[in-house]
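Working notes, structure below.
What follows draws every value from the coordinates through simple rules; no lab data is involved. Bear in mind the structure is a predicted one, so any value in this text is a computation, not a measurement. Cβ sites come from the backbone with ideal geometry, for glycine too, and all protein chains shown count toward neighbours.
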């Protein structure tokens, strides 16, 4: 069978995966603190028809003669750049200006997120609104407290009566390779073998960003770039489809030779 047929099939699969990545990015254009993905391709093994030959005293050298056998997905990378900040006016909404992740716990595992959509539950505990997970370190606001504030340093404070009380400091965690974190859904990440271990510290220290209360980080998806990638994926898919059609017509011509 023709090599071009199978090369084009690999191209169809690759560009379908590219469209899947683009579609996911566009669908999350309004997801809080979402980090876009990008796809890269690499060639599959090439069939060698003739090896390279060294030059001699009377004849020049020859380059190898190889025919490629298609394409494969090389990587799907997370783009961890910061999104724009959107003012909400809610005191428990917090965004990170700079590097770092909030830490959340379900009682067993520690998750990491840039989504600072926090609120307090019926016990006064500061939690992640979407999942109900508690912030690390735990912050519990006493009943009857007012004027809850979160400073850029992560210091949580509130007022009971006329007394201002300083609570815990919301720490941030950073990683050697944030792009190596594993997505788990709900705007959450888990540490992986390639992300490195989490290094928690107070905001504004050791290269960590500061906390901005009353703001949420927006998605970093660039719609213009995604629509461009959509066109590239569509045209790449169409081109590979055309190769399959042309290869099929050549095979049909071979079959018809017998007539």
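From the alpha carbon centroid of the range 162-192 to that of the range 57-128 is 12 Å. For a paramagnetic label modelled on residue 99 (point 7 Å from Cα along Cα→Cβ), amide N atoms under 12 Å away belong, within the range 174-199, to 174-179, 199.
If you average the sequence gap of Cα pairs under 8 Å that are 6 or more apart and divide by the length of the chain, what percent do you get for the contact order?
Details: 528 pairs, mean separation 66.5, N = 259.
Reported relative contact order: 26 percent.
Here the label points at residue 69 and residue 49, each 7 Å from Cα along the C-beta direction, are separated by 1.6 nm in the simple model. Placing a pseudo-label 7 Å from each Cα along the Cα-to-Cβ vector at residue 232 and residue 109 gives an inter-label distance of 3.2 nm. Annotation: average projected area of the range 185-228 is 5.6 square nanometres, based on the convex hull of Cα atoms across all directions. Take the chain, connect every pair of alpha-carbon atoms lying under 10 Å apart with a spring to form a Gaussian network, then pick out the residue of 57, 145, 246 with the largest mean-square fluctuation. Looking only at 57, 145, 246, the largest GNM fluctuation is found for 57. Would you mind estimating how fast the chain diffuses translationally, via Stokes-Einstein at 20 °C and 1.002 mPa s with the Kirkwood radius over Cα pairs, in µm²/s? Calculated translational D: 96 µm²/s. On a 0 to 90 degree scale, rounded to 10, what angle separates helix 3-27 from the longest Cα axis of the chain? So the inclination is approximately 20 degrees. Helix 223-256 axis versus longest C-alpha principal axis of the chain: approximately 30°, rounded to the nearest ten.
This ranking places 29, 164 by how few other beta-carbon atoms lie within 10 Å of each, fewest first, which gives 164, 29.
Which FRET efficiency value, to the nearest 0.05, do you get for residue 84 and residue 248 by plugging their Cβ-Cβ distance into 1/(1 + (r/R0)^6) with R0 = 45 Å? Walk me through the numbers on the way to the answer.
Numbers: r = 49 Å, r/R0 = 1.08.
For R0 = 45 Å, the calculated efficiency reads 0.40.
The alpha carbons of the range 114-259 stretch over 99, 29, 26 Å along the principal axes, in descending order.
How large is the helix-only mean residue ellipticity at 222 nm for the chain, computed as the sum of -39500 (n - 2.57) over DSSP H runs with n ≥ 4, divided by its residue count, in deg cm²/dmol to the nearest 500?
After summing the helix terms and dividing by the residues of the chain, the value is -8000 deg cm²/dmol.
Rank 235, 38, 183 by mean-square fluctuation in a GNM of the chain with C-alpha springs under 10 angstrom and give only the top-ranked residue. Between 235, 38, 183, it is 235 that shows the largest mean-square fluctuation.
Regarding the range 17-102, what is the average projected area of its C-alpha convex hull, in nm²? Before the final figure, lay out each step's value.
Numbers: hull surface 40.7 nm².
Average projection, Cα convex hull of the range 17-102: 10.2 nm².
When the chain is treated as a Gaussian network with alpha carbon springs shorter than 10 Å, the biggest mean-square fluctuation among 109, 28, 187 belongs to 109.
Given axes a ≥ b ≥ c from the Cα gyration tensor, I'd like to know whether the range 27-179 is rounded (a/c under 1.5), prolate (a/b larger than b/c) or oblate. Show your work: numbers first, answer last.
Details: a/c = 4.24, a/b = 3.91, b/c = 1.09.
It comes out prolate by the Cα gyration axes.
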